[in-house]
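First the structure, in the form of structure tokens, and then the observations on it.
Each reported figure results from applying straightforward, stated rules to the coordinates on display, with no laboratory input. Just so we're clear, the structure is a prediction, and the values are computed from it rather than from any experiment. When we count neighbours, we look across all protein chains shown, and the Cβ atoms used for this are built from the backbone with ideal geometry, even at glycine.
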């Protein structure tokens, strides 16, 4: 796939920004500063220029920061892991509906403090700083100017998303694998494709391959190079190559190598399989929904 000079520059700047975040975490020896969804947000905003993400620059800061605070607070309670996930998802849905935001990566920033058991305020400070910088660049480059109207929020989107997350969480809990309840990049893609007018089988398969492949790359490279910075430096370009091979633009895939850096030991080795199973489950639901949904557009719009 041919890349223009502007696109190559955007990729280099985006990768440098993510490397800066990981370098800061390395320097401070604080893994809670590594925020996987910053990789996805950087790709979606600065590289792919996702119109729905760019349309409301202030929400680039407010939505992920707000959900991160919610997840951080919920994580302080001594609840079972799946309960924390379900409560956080419910609170995030309420916040995003209040903000009238469809910024899917906000789900990932809200679940991250539960996944990594974040306890230090450095996590919140890092979220504030990096989402603010993402917003500032969007405003500075005026990437949000003259964009078409963003897609509306539909009641059924929230309902299907909520039921699917609850079903998956209860399923893995019943199977004795509660740590599989939350795979943020998969949930981000799931929420995104639910909002699309169409979602075909071929694209669903490509997305499953892209997500599971990115997770495998992240884990494999980190096993080989036990360095946060080296893993990021090598894995992100490999994810880029993998997405080019599949001919898909999927910002969430860039979060997986970073997620591999911060996962607890019990979850790390299982990440590729977990990502594969979660992607099949959620994107299978998304494909089925689009396949069987009524053709008429008479749905309640929020």
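What span do the alpha-carbon atoms of region 70-185 cover on each of the three principal axes, reported in whole Å from largest to smallest?
49, 36, 21
Grab the beta carbon distance between residue 230 and residue 146, set R0 = 35 Å, and tell me the FRET efficiency rounded to 0.05.
After rounding, the FRET efficiency stands at 0.30.
Can you pull the Kirkwood radius for region 140-260, inverse mean 1/r over Cα pairs, to one decimal in Å? Could the numbers behind the result be given before it?
Values: mean 1/r = 0.0610 Å⁻¹.
Here the Kirkwood hydrodynamic radius works out to 16.4 Å.
Per the helix-only calculation at 222 nm, which mean residue ellipticity applies to the chain, given -39500 (n - 2.57) for every DSSP H run of n ≥ 4 and division by its residues, nearest 500 deg cm²/dmol?
Working: 14 runs with 212 residues, N = 302.
Taken over the chain, the calculation gives -23000 deg cm²/dmol.
Rounded, prolate or oblate, given the Cα gyration tensor of the chain, with a/c below 1.5 counting as rounded?
Details: a/c = 1.24, a/b = 1.08, b/c = 1.15.
Because its axes are fairly even, with a/c under 1.5, the chain counts as rounded.
For region 1-113, what number results from the quotient of the Cα radius of gyration and 2.2 N^0.38 Å?
That works out to 1.19 for region 1-113.
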